[in-house]
1. Could you pull out every one of the helices (runs of 4 or more DSSP H) wholly within the range 62-156 that has 3 or more residues that are surrounded by fewer than 18 Cβ atoms within 10 Å (Cβ to Cβ), out of contact with any strand residue (DSSP E or B) (no Cβ under 6 Å at 6 or more places or on another chain) and modelled with pLDDT under 95?
2. Is it fair to say residue 59 is buried (at least 19 other Cβ atoms within 10 Å of the Cβ), at negative phi and either modelled with pLDDT of 95 or more or in contact with a helix residue (DSSP H, G or I) (Cβ under 6 Å, 6 or more places away or on another chain) (or both)?
3. Can residue 27 be described as modelled with pLDDT of 95 or more and crowded, with 19+ Cβ neighbours inside 10 Å?
4. Looking only at residues that are surrounded by 15 or more Cβ atoms within 10 Å (Cβ to Cβ) and within 18 Å of residue 38 (Cα to Cα) in the range 217-226, which one is modelled with the highest pLDDT?
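The values are calculated or read from the model by the stated rules, or taken from the named source; none is laboratory data. Given the structure is predicted, the values throughout are model-derived calculations rather than measurements. Heads up, the Cβs are rebuilt from the backbone with ideal geometry, glycines too, and the neighbour counts pull from every protein chain shown.
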């Protein structure tokens, strides 16, 4: 178990460009082989290189857990083929809505999911069927962008420091793991934009500080490499 630090395209907001589950990590094709090897070693999964909707904003546009992946309407057949080749049993859902940033709108692990309150009932049903978990509506710090405001694994949730008490209870009850508050990238509260993680490790933006790494390690039950 470990925590690594890196950047993509010169940015510390690596969660915007990538995502991770217990089975795979997905990054844009431009990410170097050296970084891919580090991600694979840290998270203990194979890395899949693809765009989403021909965009490098993989983490913002897609939401996934071990069971499935939710994609915007303009995701391509080739992108779906690449993901399916890596995980043959994965459920893939193309959401035929005007909304696109499902990575920002859904916070999920393998035990549950919380979604943007603006999603319609039929959309929630599709997300639930795809991810194989119950989905409820909720917010973090009074905001609907749950996927950008927190990172969830099967061991814990690290969330925006202004998380409200009722929101904390909902996270615990739905995702069925402990919840803690923290930041990444030297004080950024948009945790999900600044890191990716699973139950084996975490990769955070390169300006994440020592105290932030300590909280990440404690909350997600991963440790910083010596």
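1. Those helices (runs of 4 or more DSSP H) do not exist here; none qualify.
2. Details: buried (at least 19 other Cβ atoms within 10 Å of the Cβ): yes; at negative phi: yes; either modelled with pLDDT of 95 or more or in contact with a helix residue (DSSP H, G or I) (Cβ under 6 Å, 6 or more places away or on another chain) (or both): yes.
Against the criterion (buried (at least 19 other Cβ atoms within 10 Å of the Cβ), at negative phi and either modelled with pLDDT of 95 or more or in contact with a helix residue (DSSP H, G or I) (Cβ under 6 Å, 6 or more places away or on another chain) (or both)), residue 59 qualifies.
3. Yes.
4. 217
Rundown of residues vs (1) out of contact with any helix residue (DSSP H, G or I) (no Cβ under 7 Å at 6 or more places or on another chain); (2) closer than 21 Å to residue 223 by Cβ; (3) outside any helix (DSSP H, G or I), yes/no style:
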residue	(1), (2), (3)
5	yes, yes, yes
16	no, no, no
26	no, no, yes
30	yes, no, yes
37	yes, yes, no
41	yes, yes, no
